[in-house]
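S.K.: Here it is, the structure in full.
The values are calculated or read from the model by the stated rules, or taken from the named source; none is laboratory data. Predicted, not measured: the structure shown is a model, and the values here were computed from it. Glycine gets a Cβ as well: all are built from the backbone with ideal geometry, and neighbour counts include every protein chain shown.
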Amino acid sequence: MGDELVRDGKPFDPMDPWRGMRDAYMDAWAKGMVEAVNSEAYAQASGAMLDSYLTASAPFREAVEKTMLKVLEQMSMPSRADFVSLAERMTNVEMRLDDMDAKLDHILLLVSKAAPSERMKPQSSTQQRTRTAKAAPKKKGSK
Amino acid sequence: MAGAPAVTDPFTLTVNKLKTLSKVMTTRAAIAQTPKEIVWTLNKARLYRYIPVVPQEKRHRIPLLLVFALMNRPYILDLRPGHSFVEYMVNNGYDLYLLDWGVPGPEDKNLKLDDYTLEYMPRAIRKLQAVSGSAEFSLLGWCIGAILSTVYAALRGDDHLRNLILLTAPLDFSNKESLTFARWTDDRYFDVEKLLAAFGNMPGEMIDYAAKALKPVENYIGSYVKLWDNIDDPLMVDAWHAMNTWVTDNIPMTGGFFRQLIVDLYQKDRLMRGELVVRGERVDVSRIRANLLTVIAEADHITPPRQSEPIMSKVGSADKELFRVRGGHIGIMAGSGACKHTWPHINAWLAARSK
C-alpha cells in the first residue's frame, strides 16, 4: 500500500492534479492579462480614469488647501509652503557646508603632502574631525 | 527541538500555515544587515561605506559606488545575510559605497535629473574619493540608477570614472510598441502636468501599481499562491518575506525627475537621440570612455533588453561587454540564481579592472 502511495520519493498528494489545473489556468489568465494591459484600449481607459479622478478631485483639493491655509494663518502657525521654503534653504546651507568640507579635505591633502615625515594618509575632514572628537575624552581620562 | 513530535493533525497544520502567512504578510523582515557607516549626507541623500572585512593589502584598489533607482529602497542590494550582493562584494575585497537617495518630501518636488547628476552625485563621489584615498572609482547603476549613472558618466566622464556597470538600464525609448510604460504614458492619454499639479511628487503607491500592473496576475495573485504552496519551506518563506518587505516599501519620485522621465525619455527618447540637455549641457553618451559592462535580464518586462542594448554601439569606451542573464528585472540581482550567475560575473569583470 505504501509503495502505491509513493511517487518519485514523495508521498501521493491528491491535491497535485488540482494544482496542475490551477497553474495551467493561471498561466493562461496571466498571458491574457499581459496582452490586455499592453493594448491601446487599456492605455486609453486608464488615462481617462486617471484624468477623471484628477479633474473631479481638484476642486476639493483646492478648497481644503485654501481652508487649511486660512486656519493656520488664524492660529499663527506656519503653512506647508513655509516649511517647504525653510527646507529648501536648509538644503542650500547644506550644500555650502559640503563645499567647505571639500575645500577642507583639499587643504588637508595639501598639508599631508607638504609634510611627508608625518606620513599622513589622505583622508576626509569628516573622519579626522570624528577621530579628534573621540580622542579628546581619552586624554582627559588618562590624566 | 529534535525530539519534538511531528505535527500531523490537519487542523493544527493549517493553523500553523495561517500563522506563518499572517507573520510574513504583516511584519518586516530583517533586511540590510551588512555593517556600514554614513560618510556623507545632503538633504535626504546618504552615502554609506560598508565596513571592509578583507585586509587592506588584499582589497581591490578601486572603490565601487552603487547607485539604485529613485523610487525604491536600495537595500534590495543588501537584502538579507547570505543573500546580499553588498555582502558578496565586501567579502570579495571591494571598498564598497552605496548612495541612498532617501525619501523625498514636498520640498523636493522640483529636484530633477540635473540636480541628481550634477549636484548630488559629484558631491557624493568627491566624498568617496576623499574617504577611500583613491581618485579613480567604479560606478554601478541599476534601473533608474543606471540612467543617472549614464548621464553622469557622459557629463563628467573625466572625473576619474574607471569602470561603469549598468544593470537593466532603461536608456533607449525608441521602440514604443514594445514598451508598455511608453504606451501608458503616451501624451494622448497621460497628462503628467495634471498629475504633478495634484501630487507634487509622484506617489510611491502609484509607481508600485504601475509596476505590478505590467503583470497583474503574477504580482497580485501568483506571488501569494506560490507562497502558500511553499509555506512549509522555511528558506522559501524567508526569501519571500524579505522580498515582500522590499516590494511594499515604496517611496515617491520627485515631480521634477518624473516629468523628465516621462516627457524627455518615454515620450521623446531624448537621451539616445543625443537631444537631452542637463543644465545647459547636451548629454552625449559617446563621451563615455570608462570600461563598460551592461547587464541585461532576458525576461525583463520592466526594462526589455532592447532598451539597454543600443548603448553598446554609442559609447566611446574601448573596453565594453554586454552580459545577458536569464531572469527578470529584479531576479537577476536578488533572485536565487543571482549568486551563481550575475554576481560572480560582475565580480570577475570588475576585479580584473580594479587593479
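S.K.: Does at least one position in segment B:46-66 carry a residue that is charged (D, E, K, R) and assigned to a helix (DSSP H, G or I)?
M.R.: yes
S.K.: So residue A:41 passes all but one of these: (1) within 10 Å of another protein chain (Cβ to nearest Cβ); (2) over 30 Å from the mean Cα position of the chain (by Cα); (3) within 22 Å of residue B:176 (Cα to Cα). Which condition number does it fail?
M.R.: (1)
S.K.: For residue B:99, only one of the following conditions fails: (1) without any contact (Cβ under 8 Å) to a residue 40 or more places away in the chain; (2) in a strand (DSSP E or B). What is its number?
M.R.: All conditions are met except number (1).
S.K.: In segment B:184-204, which residue that is without any contact (Cβ under 8 Å) to a residue 60 or more places away in the chain and aromatic (Phe, Trp, Tyr) is nearest to the other protein chains (Cβ to nearest Cβ)?
M.R.: Looking at the filtered set, the residue picked out is B:189.
S.K.: Moving on. Kindly list the number of the only condition in (1) more than 13 Å from every other protein chain (Cβ to nearest Cβ); (2) closer than 19 Å to residue B:74 by Cβ; (3) crowded, with 22+ Cβ neighbours inside 10 Å; (4) not hydroxyl-bearing (Ser, Thr, Tyr) that fails for residue B:207.
M.R.: Going through (1) more than 13 Å from every other protein chain (Cβ to nearest Cβ); (2) closer than 19 Å to residue B:74 by Cβ; (3) crowded, with 22+ Cβ neighbours inside 10 Å; (4) not hydroxyl-bearing (Ser, Thr, Tyr) one by one, residue B:207 breaks only (3).
S.K.: Right, another one. Can you find even one residue in segment B:135-142 that is under 15 Å from residue B:70 (Cα atoms), within 11 Å of chain A (Cβ to nearest Cβ), surrounded by fewer than 24 Cβ atoms within 10 Å (Cβ to Cβ) and among the hydrophobic types (A, V, I, L, M, F, W, C)?
M.R.: no
S.K.: Here is a further query. Of everything in segment B:218-243 that's acidic (Asp, Glu), within 14 Å of chain A (Cβ to nearest Cβ) and surrounded by 14 or more Cβ atoms within 10 Å (Cβ to Cβ), which residue is nearest to residue B:26 (Cα to Cα)?
M.R.: For segment B:218-243, the residue satisfying everything is B:229.
S.K.: Of everything in segment B:48-95 that's of a type in the set (Val, Ile, Thr) and touching a strand residue (DSSP E or B) at 6+ places or on another chain (Cβ under 7 Å), which residue is surrounded by the most Cβ atoms within 10 Å (Cβ to Cβ)?
M.R.: B:67
S.K.: Which residues, taken from segment B:200-230, are of a type in the set (A, V, I, L, M) and assigned to a helix (DSSP H, G or I)?
M.R.: B:206, B:207, B:210, B:211, B:213, B:217, B:221, B:225, B:227
Here is a yes/no grid of residues against (1) under 27 Å from residue B:246 (Cα atoms); (2) at pLDDT 95 or above:
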position: B:177; (1), (2): no, no
position: B:180; (1), (2): yes, no
position: B:187; (1), (2): no, no
position: B:196; (1), (2): yes, yes
position: B:202; (1), (2): yes, yes
